[in-house]
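The values are calculated or read from the model by the stated rules, or taken from the named source; none is laboratory data. Owing to the predicted nature of the structure, the values given are computational and were not obtained by experimental measurement. Reconstructed Cβ throughout: ideal geometry from the backbone, glycine too, with neighbour counts over all protein chains shown.
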C-alpha cells in the first residue's frame, strides 16, 4: 500500500495551482511570436540551464530511464554516460548549435529554408512535427502510470488522470507560451533536482549500497553491470545511445530551441557545457531508482506480482510503486509534485515546440508568409490544443509493445536521422544540395520500421517473420540518410542560383 | 570484473550527484537573478508600445 497521504495531496495540489497561476500571470508579457516561442531571445545562462534541464528532465524521462534500470541494472548507466559526455563535447565545440544560434533561426526547418530552400523547409517541418507528436504519444500514459502507482489510486482512474494532467498543461501553455514555460521550468528544476538527490540518498540509506550491488549481481549476473555483455543492450545498442546523446542535445528541436533562445553564442556554449551534467543525471538517477526497485521487489515479490522481467511494459510501474513504499509522507508529496512538475515542463515545451514548427515552418510558408503576427500566435495556440487532443486519443489507443525509451528513440528517429544529415552537411559541407536534402529526409522516414506494430503490419503484408531491433533500424537509417545526402548532392548539385537571402546565409553557415 | 564495474558505476553516480547538487544550488540562485532581469526587460518592452510585428 502506498504511503501517499492527505499531506502529500495538499502539497501536490498547491503546486499545481501555483503553476496555473504562473501561466495566467505570464500572459501579460506575450506580445508577439518571438515572445511566445523564444521568450524574446533573452535567456541568460543560469536560467537557460535551469529551463534546459527542466525540459529534458521530464517525468517521461524519469519513467523510461527507470524502466531501463529495472530491466538492465547498472549496465543501463551507459545511456546516461553517453548523454552527458556528448553534451559536454557539444558545449566545448559548439558543434551544430553555435552556427544555428549565429543564424538567429527559431526552428531547425527555418535553417532548412535558408540553406536548401522553401520546399525542404516545408517537408522537413512536416516530418519534424509528425515525429515529435508521435514521440510525445506515450507521455500522458507514462505520467498517469506514475500518478496511479505513487498515490495508490485504482488502475481504472488512469484515463481520468491523463485528461486532468493534459488539461492543466494546455491551460498554462496556451496562455503564456515560452514566458510561462521559462518560469515554471525554473520552479520545476528547483523542486525536482533537490527531490531527486534526496530520494537517491534515501534509497541508498534504506537498501544499502552493497545490498543493491549484490541484488543486481544475483538477478542479472555480469550483464547487469557490463553494457556490452548485457542481454538487454550489447555493442550496437551502446553505439546507438552515443548517437542519441548527440541527437538529444544538438539536433532535437526542443533542446535546440534553448540554444536559439540564448542571449549570445557564449551563453549557448556555457548552457550546453553545464547542462551536460543535467543530461547525465536525468538518466543516471532514474536508472538507479529503477534498479533499486528491482532489488526491492526481488525481496518483496508480493508487492510486484507483475514479475521482475518487466514484460508488457510492467517495468514502467516498478519505480513509482517503489517510491510509494519507500518514501515517508511529506517527502513523497514533494517528490510527486516534483515529478508532476517534470511532466508538465516537458509537455509544455514539446507542445509549444511542435505547434510553432507547424505554424512557422509548414502552414505560414505554404500561405506565402502572408500571415500576420497575431494570426500566427492564435494558430499556434489552436494547434497546441489540437495536438493535446490527439495525444489523449493516442495514449488511450496505442499499445506499447517495447520499452518506452526504445519507442521514443525510434519515433524521434523518423525526424532526426534525416535532420542529422541535413544539419551536418548543411552547416559544414558547401556542396550539400537541395536534392540530397530531400532524399535524406525521405529516407529518414524509414525509421518508422523500428516500431513493433509497424513490423507486425509489414510481417502480415510480406508474409515473412520480421524481428528487427530498434537500434539496428536506427543505425541503418542514419547511415542510409547520410549516404543519400552525399550521393544526391554529388549527383545533383544545386544548379540555379540561390533564392534571395540564401547566399548570405550559406556563406555564414558553411564557414 | 563485476566488482570493477560496480566500483566504476558507484563513483560515476556519487560524483554526478555531488556535481549536480552544486550546480543545482548555483543555478537556483543565478536563475532567480536572471528571472528578475528577464521580467524587468519584458516590462520595459511592455511600456514601450503596442504589439509589434517583428519575427
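Using the structure shown, decide if residue A:370 is in a helix (DSSP H, G or I), over 17 Å from residue A:129 (Cα atoms) and within 14 Å of another protein chain (Cβ to nearest Cβ). So residue A:370 does not fit the description; no. Of all residues in the range A:152-169, those satisfying the criterion of being surrounded by fewer than 21 Cβ atoms within 10 Å (Cβ to Cβ) and part of a helix (DSSP H, G or I) are A:155, A:156, A:157, A:158, A:159, A:160, A:161, A:163, A:164, A:167, A:168. One residue alone among A:445, A:441 is in a helix (DSSP H, G or I) and closer than 20 Å to residue A:406 by Cα, and that residue is A:445. The lone criterion from (1) at pLDDT 90 or above; (2) within 30 Å of residue A:113 (Cβ to Cβ) left unmet by residue A:361 is number (1). All conditions but one from (1) assigned to a helix (DSSP H, G or I); (2) away from every other protein chain (no Cβ under 14 Å) apply to residue A:201; the one that does not is (2). Looking at A:224, A:245, just one residue is at the interface with chain B (Cβ under 10 Å from one of its Cβ atoms) and either under 14 Å from residue A:80 (Cα atoms) or crowded, with 24+ Cβ neighbours inside 10 Å (or both), and that residue is A:224.
Away from chain B (no Cβ under 14 Å), surrounded by fewer than 21 Cβ atoms within 10 Å (Cβ to Cβ), in contact (Cβ under 8 Å) with a residue 12 or more places away in the chain and over 23 Å from residue B:26 (Cα atoms), is that true of residue A:236?
Spelling it out, residue A:236 is indeed away from chain B (no Cβ under 14 Å), surrounded by fewer than 21 Cβ atoms within 10 Å (Cβ to Cβ), in contact (Cβ under 8 Å) with a residue 12 or more places away in the chain and over 23 Å from residue B:26 (Cα atoms).
The lone criterion from (1) closer than 28 Å to residue A:398 by Cα; (2) at pLDDT 95 or above left unmet by residue A:63 is number (2).
Being within 13 Å of the chain's Cα centre (by Cα) and either at pLDDT 85 or above or within 24 Å of residue A:213 (Cα to Cα) (or both), is that true of even one residue in the range A:257-273? No, the range A:257-273 contains no residue that is within 13 Å of the chain's Cα centre (by Cα) and either at pLDDT 85 or above or within 24 Å of residue A:213 (Cα to Cα) (or both).
In the list A:322, A:343, A:297, which residue meets the criterion of being surrounded by fewer than 24 Cβ atoms within 10 Å (Cβ to Cβ) and either part of a helix (DSSP H, G or I) or modelled with pLDDT of 90 or more (or both)? Answer to the check: A:297.
Regarding residue A:186, is this residue more than 14 Å from chain B (Cβ to nearest Cβ) and in a helix (DSSP H, G or I)? Criteria not met by residue A:186. For the range A:90-112, the condition of being in contact with a strand residue (DSSP E or B) (Cβ under 7 Å, 6 or more places away or on another chain) and at pLDDT 75 or above holds for at least one residue.
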